[in-house]
Amino acid sequence: MAVVEVRGLRKEFGDVVAIDGVDLRSEEGEFLVLLGPSGCGKTTLLRMIAGLEQPTDGEILLGDEDVVGLPPRARRIAMVFQSYALYPHMTVANNIAFPLKAQGTDPAERSVKVQWAAELFGIERLLHRRPRQLSGGERQRVALARALVREPTVFLLDEPLSNLDAKLRAAARDDLMEFQRRIGITTIYVTHDQVEAMGMGDRIAVMNHGKVRQLGTPEEVYHHPADVFVAQFLGSPPMNLLEATNFLFGFRPEQFLPEGIADHEGDRVPFTFHVNRIEYLGSERYLYGHIREYDETKIIAMLPATVTLPIAVDQNHKFSVARDQLRFFDRDLGNKIPPQTLNP
Amino acid sequence: MTTTTAARKRYLSDNPRFLAGLFMSPAVIYIIALVGFPFVLAIIYSFTNISTGNPELDFVGFETFRRVLADPVFREALWNTFLFAVMANLLVVVLATALAEVLIKDFKGKWLVRFLVLLPWVAPVSLATITWLWTLDSIFSPIDWVLRELGLITENVYWLGRPGSAMGSVIAVQVWRIVPLAAVIVMAGLIAIPSEINDAAAVDGASSWRKRFQVTIPLLAPIIAVAVLFGVILSISDMSVVYVLTRGGPTNSTQVLSTWAFIKGIEGGALGQGAAVALFLLPVLIGITAVVLRLARRREVL
């Protein structure tokens, strides 16, 4: 087990800056998620930790040892790829044994370890098959077994669930969490799926344009976004953002409730909400509209199914947000600022 | 409604069967006229004793084949063909695989290297071979000149004048000619290997040799098989290199079936025997093709 740390990391591909000065440190045995839109540099960061790309500048430390310049095989890391990258011409057993052969483990010990890894992931009966004969979920388990058989110190995963269909994905997520807990290995997990990130990560590093915008627990990044990007990237639908005289403020759609639902809950800020359209989604209702005082900006409110209050379309309604659920941002820089006074 | 009637009218060009026939006809006519007809003619000739002196079709059964087989030159040519095709293609596989790895690398002047590698393939074969004829010339050979200047030889090698070096020379030139095609085929195979497989091998700790021999080459095997198939067929059926360089000499030591068929049938006028020699390896070629294609397909669905 080891801690992964990067300091002042930069990566340029020609004129394109893929990673623009990243500092990041994992905890021992932590499940750290790199989350961001495609092209934000999260995969490049992971590949640099793996040694598949060399940084333009900066340090990468694995267990306090600077590994910049070391080839992947000298880093004691394991990686699972998006496509799983199983060797198609080898049986499952040979796929799992490949890293052991590469490090020169003797055959007897090798077969013991292959057996151990196969049992860990419940794939003993697949050992003689070839990757083509496996389902998506089975392939993923083989990829995990191959990655873990060498007992690496750090485990890197690059969108390992994105090739699975929705139903399998939930089950695979569950499995993955369980394995990680049981082995207790430091894991860095790249995804663009915020549901995966929120559900799996001990901490999440939200990335955009080659920078880490915020590092924190799922609660922190969701409820206390460090800037406008994080506020709008996380949450579905995203945080509503409105422009006041010289700052921005926002609130989550589920915090925006009609009069009479949450009135007793302390200090609330009232708004007049004009509803244009309603989407009924079973477990909740999405109300699309705008606030009278901030005419231009579209607002989404999300009412849980437990709120059965009828809402009429094309009319004004009295809605409110708890004052401590309002978030404030600098209008030009977009970063978080202390609470301001609203005088609509 | 006039528009509907106009729209409803059917044209001949709306008929997919007619269009299919029309579009395929140039290829079909070409193949029948230039491949099918001579092929059938060759089969017919091989069962007659037709010659330029006696252009009548007298069917003699397998007599022509018997006479061709009895000729010691034919047996030498058969062995030479085997040697020529096998040696040339062994070298081609090794060189093409190595070259393909160079070709997919990103480096300055990549286009120039690619151009130079492909040059032997795009140059007309007879012209290119004539260049080699001069390069291997018994008196003016620049290779001999270099070796002499380096003090490695005292007199010229006579590359094409002695049996052993003549065979070596025609094999070398054949390799030079086929390698670009094979390299491009293998390169296509290399490009088709997903980059994540290479990354996985790197992360799994494989050295570059282990990666090459346990991952890359096994994955390339079906593609290499296709390249070899092309190479073998070209080496057995194409006579240009041997004919231009040595005409089968000295004393038939580089005689192969394709040149022997030409010399016997066209230059010697024994059309029937020429056809029999040319057709002799047809079953072998069909067999090789079937086996290689089956292997390639099996590797694909493994």
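Summarising the strand pairing of the protein assembly as shown, around 75 percent of its internal DSSP beta bridges are antiparallel. The three principal axes of the C-alpha atoms in the stretch A:57-161 carry coordinate ranges of 44, 32, 23 Å, sorted with the longest axis first. Ellipticity at 222 nm from helices only: DSSP H runs of n ≥ 4 in chain A, each -39500 (n - 2.57), divided by the residue count, give -7500 deg cm²/dmol. Express the relative contact order of the stretch B:96-209 as a whole percentage, based on alpha carbon pairs under 8 Å and six or more residues apart in sequence. Result for the stretch B:96-209 is 37 percent. FRET efficiency for the pair A:S135 and A:D295, taken as 1/(1 + (r/R0)^6) with r the Cβ-Cβ distance and R0 = 41 Å, rounds to 0.20. Modelled this way, with points 7 Å down the Cα-to-C-beta line, the labels at B:L282 and B:L152 are 4.5 nm from one another. Computed over neighbours whose Cβ is under 15 Å from that of B:L160, the net charge equals 0, Lys and Arg +1, Asp and Glu -1. Could you give the distance between the Cα centres of the stretch A:122-184 and the stretch A:1-77, to the whole Å? Cα centroid to Cα centroid, the span is 23 Å. Do the sum for chain B: with -39,500 (n - 2.57) for every DSSP H run of n ≥ 4, divided by all residues, what is the mean residue ellipticity at 222 nm, to the nearest 500 deg cm²/dmol? One gets -22000 deg cm²/dmol as the mean residue ellipticity at 222 nm.
Once the C-beta distance of B:W145 and B:V86 is scaled by a Förster radius of 22 Å, the resulting FRET efficiency is 0.10 to the nearest 0.05. Within the stretch B:96-139, which residues have the backbone N less than 12 Å from the label spot 7 Å out from B:D238 along Cα→beta-carbon, could you tell me? Label zone hits: B:120-129.
Remark: the A:A322-A:S111 segment gains 69.9 nm on full extension, using 0.36 nm per residue and subtracting the alpha carbon distance. I want to verify a result. In a Gaussian network model of chain B, Cα cutoff 10 Å, which of these has the top mean-square fluctuation: B:Y11, B:Y243, B:Y30? Per the Cα network of chain B with a 10 Å cutoff, B:Y11 tops the list. Highest GNM mean-square fluctuation among A:M79, A:M177, A:M198, for chain A modelled with Cα contacts below 10 Å: A:M177.
Separation of the stretch B:264-295 and the stretch B:6-56, taken as the distance between their Cα centroids, equals 22 angstrom. Among the listed pairs A:K42/A:K298; A:K211/B:K105; A:K42/B:K105; A:K113/A:K167; B:K105/B:K211, a Cα-Cα separation exceeding 28 Å is found for A:K42/A:K298; A:K211/B:K105; A:K113/A:K167. The GNM of chain A, with springs linking C-alpha atoms under 10 angstrom apart, assigns the highest mean-square fluctuation among A:P131, A:P218, A:P107 to A:P107. A Förster radius of 56 Å, combined with the Cβ-Cβ distance separating A:T341 from B:F213, puts the computed FRET efficiency at roughly 0.20. For chain A, the relative contact order comes to 17 percent (Cα pairs under 8 Å, sequence separation of at least 6). Computed over the alpha-carbon atoms, chain A gives an Rg to Rh ratio of 1.06, Rh here being the Kirkwood radius from the mean inverse distance.
Cα centroids of the stretch B:165-235 and the stretch B:72-120: 10 Å apart.
Values quoted throughout were computed directly from the atomic coordinates according to the rules given, and no laboratory measurement underlies them. Remember, it's a predicted structure, so these values are computed and weren't measured experimentally. As a convention, Cβ positions derive from the backbone with ideal geometry for all residues, glycine included, and neighbour counts pool all protein chains shown.
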